[in-house]
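> Below is the structure I would like to discuss, written out as structure tokens.
What follows is calculated from the coordinates using simple rules that are stated; it is not laboratory data. The structure displayed is predicted, hence computed values, not measured ones. When we count neighbours, we look across all protein chains shown, and the Cβ atoms used for this are built from the backbone with ideal geometry, even at glycine.
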Amino acid sequence: MLQLTRKADYGLRLMLEAASAGDAFVTARTVSRRQKIPYSFLRQAATVLAAKELLATSRGPHGGVRLVRPAGDISLLDIVNAFGGVALNACTAVPASCARTNLCPAFPAWVEAQAAVERALAGTNLENLLRGQRSRQRARLVPIEPGMIPPRRVREGLSSKMRAAPKTRERLRPG
């Protein structure tokens, strides 16, 4: 199973929070609380990302972290590589630690699969991820027609304020 390290996952989540903040600094405490990431681990991830020149850090009451480059210029591959990269197996790790690459009939398939993973990560940037998240959030909200009774699971998700104002309330789209 291909799986990112926990530190790379925390780093990605930190980068997404920083991207959401735009040019403003966001504190590690704020990200830790929002993302439910232990503060000490988040600081370690921030240190790695700052060393790779993906994050800028600033101390003080208005300090925190922010992106060094625009969100559209930072790919998932940039972030994953900051934490050691991703490898499908020992054959595709850099440097390769498999002595059988010249003998193994599966090696070309592993190399091709590795390249596909890296292309997918390189082709996805923080801006695309945030845009997709906003689209998914908007798609979940649809107006309720007058007299329409939403399904029970949707009604339970509505706030009491939304239930009290039937003309303006919204519901989650099932699915």
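> Rank the residues Glu112, Glu127 as a footprinting-exposure proxy: fewest other Cβ atoms within 10 Å of their Cβ go first. It would help to have the intermediate numbers written out before the result.
Numbers: Glu112 10, Glu127 14.
Listed from fewest to most nearby Cβ atoms, that is Glu112, Glu127.
> Still on this structure: Please list 3J(HN,Hα) in residue order for the range 119-129, calculated via the Karplus relation 6.51 cos²θ - 1.76 cosθ + 1.60 where θ = phi - 60°; whole Hz, with x for glycine and proline.
5, 4, 5, 5, x, 10, 10, 4, 4, 4, 5
> At what distance in angstrom do the alpha carbon centres of the range 67-105 and the range 21-43 lie from each other?
Cα centroid to Cα centroid, the span is 26 Å.
> Figure the gain on full extension for His62 and Ser20 (residue separation times 0.36 nm, minus the Cα-Cα span) and round it to one decimal in nm.
Working: separation 42, 0.36 × 42 = 15.12 nm, distance 1.69 nm.
Taking 0.36 nm per residue and subtracting the Cα distance, the gain is 13.4 nm.
> May I pose another question? Per residue of the range 27-39, what does 6.51 cos²θ - 1.76 cosθ + 1.60 with θ = phi - 60° give for ³J(HN,Hα)? Whole Hz please, x for Gly and Pro, Karplus curve as stated.
Working through the residues one at a time gives 7, 4, 4, 5, 5, 4, 5, 5, 8, 6, 10, x, 3 Hz.
> Expressed as a rounded percentage, what relative contact order does the range 1-120 have, with Cα pairs under 8 Å and six or more residues apart?
24 percent
> Fewest Cβ neighbours within 10 Å first, please rank Leu130, Leu2 accordingly.
Leu2, Leu130
> For Ser135 and Thr47 in one chain, what is 0.36 nm times their gap in residues minus the Cα-Cα distance, to one decimal in nm?
Here the segment from Ser135 to Thr47 would lengthen by 28.5 nm.
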